[in-house]
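The values are calculated or read from the model by the stated rules, or taken from the named source; none is laboratory data. A quick note: this is a predicted structure, and the numbers were derived from the prediction, not measured. Because the Cβ atoms are built from the backbone with ideal geometry, glycine has one as well, and the counts that use them run over all protein chains shown. Surface areas here come from the heavy atoms of the whole protein model, side chains and all, with no ligands, DNA or RNA. Shrake-Rupley method; radii C 1.70, N 1.55, O 1.52, S 1.80 Å.
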Amino acid sequence: MQDVLNKLGIEAVNKGGFCGEWVGSGDKIDSVSPIDGKAIAAVTQVTEQEYDQIATRAHEAFLKWRKVPAPVRGEAIRQFGNALREVKAELGALVTWEMGKIRAEGEGEVQEMIDICDFAVGLSRQLYGLTMHSERPGHRMYEQWHPLGVVGVISAFNFPVAVWAWNCAIAATCGDSTLWKPSSSTPLTGIACSKIAERVCRKMGIDPAIFSLVVGRGRTVGEKLLADRRVPLVSATGSCEMGYRVGSVVGERLGRTILELGGNNAIIVTPDADMKLVVPAILFGSVGTAGQRCTSTRRIIVHESIRDELVDKLMSAYKQVSIGNPLEVGTLMGPLVDTDAVDTMMKAITTIKEQGGEILYGGGKLDGATYPGGCYVTPCIAAARNELKIVQDETFAPILYIIKYGTLDEAIAMHNGVPQGLSSAIFTNNLREAEQFLAPWGSDCGIANVNIGTSGAEIGGAFGGEKETGGGRESGSDAWKAYMRRQTNTINYSTELPLAQGIKFGD
């Protein structure tokens, strides 16, 4: 792993701020790997004064960057994507080492960064506006989209690099600079990505402060970012609790937000479902990333006639999940991110039993000689009722609730009967059931799938959810519009000046 750190420019102690130069003189924090509980490297955090320095430079970089033609901006992102290709294996390994997801998922996350760069390159020639017919003779109306400003990006530990790329690639193409605050649990991946972007910018003669970085405490640096009027848009990924704070502070100054918050994602399994598709979809959705995706499958709403059959198949599949060092080939589930996450899961297991649920499989903590220093658990399957408070609240861990239903209307009501609304799915070969699930009175989530699980998403579609998930959209489709300001223009090329509502002044 030392070779990986060397190639990515990670030193024993790293400065946590970047704005064209590296700064950071605050408290030092260690990045601890959940694989073995050992420190990887240290980071000196950004102070409040250094935050102001970085934010000022990010704004200055924006003032220059917005004047660069969009296709030229796209070329910068193309080169950034190519630079990521060159270090895909190393950056993926660092994601695994620092966060704990298995190697294939770590490299897959870097591939998402590359894919969004490709998308953004094409987008740089497609920032389309509209033309409208004016009601006034000799007038032309149209709309255009202009760069917005500095975009604050607050990312979570579970996708330490991809979420930043979803935002910064689109924002940079739109003419914005970004000010990134990564999770304090995964600061090294943030530093590594910023160094890659810095090299690309310097090679192209671009101010590298368009990709600025602040590693610092949420209650100081984070709060300053939220209240900063130089940051017109804040894109934040995290818990619903965090989202309420972000929305409140940014909204108070009438700033914009893109909120990607909690998910309590469910799959409805009907009697017409193909079990060969159902079981692997549930397994990947519930166990992948050790249940620490916002799109992880949390609830299975299964018809009572096939409930026992599905539970038997799932328990058989769960028993085959290899748990261990995520850097090793063959591991399907790595550790939780830290000891606090393990404690949270263990408390949830106790609560499930207290509220009347039943543990059907797993839910234990793995330690001792086999898993020294790590944050390993066995994934859990629990029988529960949808109305239980523990089911209503998302536990960021591999806990899967089995809930039975009688009618599809009942299943959809239970599916929608949680505060969150991110990802959803139904497994059925019945066209009517599928269409009802996708109808306006069906799934209330931002993502609704048929015969494919809840976990993961393609960058071509807008990603995000409703209700307490926050309503934000990132990545593909027309999500780019959130990073720009719309302007409606009217040009009078006649010799007359018709006024609104037919009003006339004099002759």
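Which ranges mark the strands (runs of 3 or more DSSP E) fully within the stretch 395-486 that have 3 or more residues being touching a helix residue (DSSP H, G or I) at 6+ places or on another chain (Cβ under 9 Å) and of a type in the set (A, V, I, L, M)? Full working, then the answer.
Details: elements: 399-405, 423-427, 447-450.
Where strands (runs of 3 or more DSSP E) fall fully within the stretch 395-486 and carry at least 3 residues being touching a helix residue (DSSP H, G or I) at 6+ places or on another chain (Cβ under 9 Å) and of a type in the set (A, V, I, L, M), they are 399-405.
Matching residues to (1) more than 20 Å from Lys467 (Cβ to Cβ); (2) at pLDDT below 95; (3) out of contact with any Ser or Thr (no Cβ under 7 Å at 6 or more places or on another chain):
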| residue | (1), (2), (3) |
| --- | --- |
| Arg199 | yes, no, yes |
| Lys203 | yes, no, yes |
| Ser235 | no, no, yes |
| Val250 | no, no, no |
| Lys276 | yes, no, yes |
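Against the condition under 19 Å from Tyr51 (Cβ atoms) and either open to solvent by less than 10 Å² (accessible area, probe 1.4 Å) or outside any strand (DSSP E or B) (or both), how does Ser185 come out, does it pass? If you could, list the steps in order and put the result at the bottom.
Values: under 19 Å from Tyr51 (Cβ atoms): no; either open to solvent by less than 10 Å² (accessible area, probe 1.4 Å) or outside any strand (DSSP E or B) (or both): yes.
Here the answer is no, as Ser185 does not meet what is asked.
Can you report the number of residues in the stretch 209-225 which are open to solvent by 10 Å² or more (accessible area, probe 1.4 Å) and either free of Cβ contacts under 8 Å to residues at least 24 places away in the same chain or part of a helix (DSSP H, G or I) (or both)?
Taking the stretch 209-225 as the starting set, the residues that turn out to be open to solvent by 10 Å² or more (accessible area, probe 1.4 Å) are 211, 217-220, 223-224.
Add one more test, that the residue is either free of Cβ contacts under 8 Å to residues at least 24 places away in the same chain or part of a helix (DSSP H, G or I) (or both), and what stays is 218-220, 223-224.
Total satisfying the criteria: 5.
Do you know which residues across the stretch 253-275 are open to solvent by less than 10 Å² (accessible area, probe 1.4 Å), in a loop (DSSP other than H, G, I, E, B) and more than 30 Å from Cys375 (Cβ to Cβ)?
The answer is Thr270, and nothing else.
Report every pair of residues separated by at least 6 positions or lying on different chains whose Cβ atoms are under 6 Å apart, first residue within the stretch 1-22 and closer than 17 Å to Lys38 by Cα, second buried (at least 16 other Cβ atoms within 10 Å of the Cβ) and of a type in the set (D, E, K, R).
Taking only residues 6 or more apart or on different chains, the pairs are Val4/Glu90.
Scan the stretch 429-458 for residues that are of a type in the set (Ser, Thr, Tyr) and touching a Phe, Trp or Tyr at 6+ places or on another chain (Cβ under 8 Å) and report the count.
Residues of the stretch 429-458 of a type in the set (Ser, Thr, Tyr): 443, 454-455.
Applying the additional criterion that residues be touching a Phe, Trp or Tyr at 6+ places or on another chain (Cβ under 8 Å) yields 443, 455.
Going through the stretch 429-458 one residue at a time, the tally reaches 2.
Checking Ala317 against (1) more than 22 Å from the chain's Cα centre (by Cα); (2) farther than 14 Å from Ile402 by Cβ; (3) free of Cβ contacts under 8 Å to residues at least 60 places away in the same chain, only one condition comes out false. Which one?
(2)
In the list Ala382, Ala413, which residue meets the criterion of being open to solvent by less than 20 Å² (accessible area, probe 1.4 Å) and of a type in the set (Gly, Ala, Ser)? Can you show your working first?
Numbers: Ala413 fails: open to solvent by less than 20 Å² (accessible area, probe 1.4 Å).
Result: Ala382 is the single residue among Ala382, Ala413 that is open to solvent by less than 20 Å² (accessible area, probe 1.4 Å) and of a type in the set (Gly, Ala, Ser).
Those residues that are in contact with a Ser or Thr (Cβ under 9 Å, 6 or more places away or on another chain) and either polar (S, T, N, Q) or open to solvent by 20 Å² or more (accessible area, probe 1.4 Å) (or both), I need them from the stretch 2-19; list them, please.
Result: Val13, Asn14, Lys15.
Restricting attention to the stretch 357-372, which residues are open to solvent by less than 50 Å² (accessible area, probe 1.4 Å) and in contact (Cβ under 8 Å) with a residue 12 or more places away in the chain?
Narrowing the stretch 357-372 to residues open to solvent by less than 50 Å² (accessible area, probe 1.4 Å): 357, 359-360, 362-364, 366, 368, 371.
If the condition is that a residue be open to solvent by less than 50 Å² (accessible area, probe 1.4 Å) and in contact (Cβ under 8 Å) with a residue 12 or more places away in the chain, then Gly357, Ile359, Leu360, Gly362, Gly363, Gly364, Leu366, Tyr371 are the ones that fit.
Which one of these is without any contact (Cβ under 8 Å) to a residue 40 or more places away in the chain, in a helix (DSSP H, G or I) and buried (at least 17 other Cβ atoms within 10 Å of the Cβ): Val278, Val250? Write out each step before concluding.
Details: Val278 fails: without any contact (Cβ under 8 Å) to a residue 40 or more places away in the chain.
After applying the criteria, what remains is Val250.
Can you report the number of residues in the stretch 20-31 which are open to solvent by 80 Å² or more (accessible area, probe 1.4 Å) and in contact with a Ser or Thr (Cβ under 8 Å, 6 or more places away or on another chain)?
Looking only at the stretch 20-31, we keep the residues that are open to solvent by 80 Å² or more (accessible area, probe 1.4 Å), and these are 21, 25, 27-28, 30.
Subsequent filtering for residues that are in contact with a Ser or Thr (Cβ under 8 Å, 6 or more places away or on another chain) retains 25, 27-28.
Matching residues across the stretch 20-31 total 3.
Given the criteria open to solvent by less than 10 Å² (accessible area, probe 1.4 Å) and more than 22 Å from Gly20 (Cβ to Cβ), does Glu109 qualify? Reasoning before the result, please.
Values: open to solvent by less than 10 Å² (accessible area, probe 1.4 Å): yes; more than 22 Å from Gly20 (Cβ to Cβ): yes.
Here the answer is yes, as Glu109 does meet what is asked.
Yes/no per residue for (1) over 29 Å from the mean Cα position of the chain (by Cα); (2) without any contact (Cβ under 8 Å) to a residue 40 or more places away in the chain:
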position: Cys380; (1), (2): no, yes
position: Leu388; (1), (2): no, yes
position: Leu400; (1), (2): no, no
position: Thr407; (1), (2): yes, yes
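For the stretch 285-311: of the residues being assigned to a loop (DSSP other than H, G, I, E, B) and in contact with a strand residue (DSSP E or B) (Cβ under 8 Å, 6 or more places away or on another chain), which is surrounded by the fewest Cβ atoms within 10 Å (Cβ to Cβ)?
So in the stretch 285-311, the residues assigned to a loop (DSSP other than H, G, I, E, B) come out as 292-296, 304-306.
Those left that are additionally in contact with a strand residue (DSSP E or B) (Cβ under 8 Å, 6 or more places away or on another chain): 294-296, 304, 306.
Details: Cys294: 30, Thr295: 21, Ser296: 31, Glu304: 10, Ile306: 18.
Restricting to residues being assigned to a loop (DSSP other than H, G, I, E, B) and in contact with a strand residue (DSSP E or B) (Cβ under 8 Å, 6 or more places away or on another chain), the top hit is Glu304.
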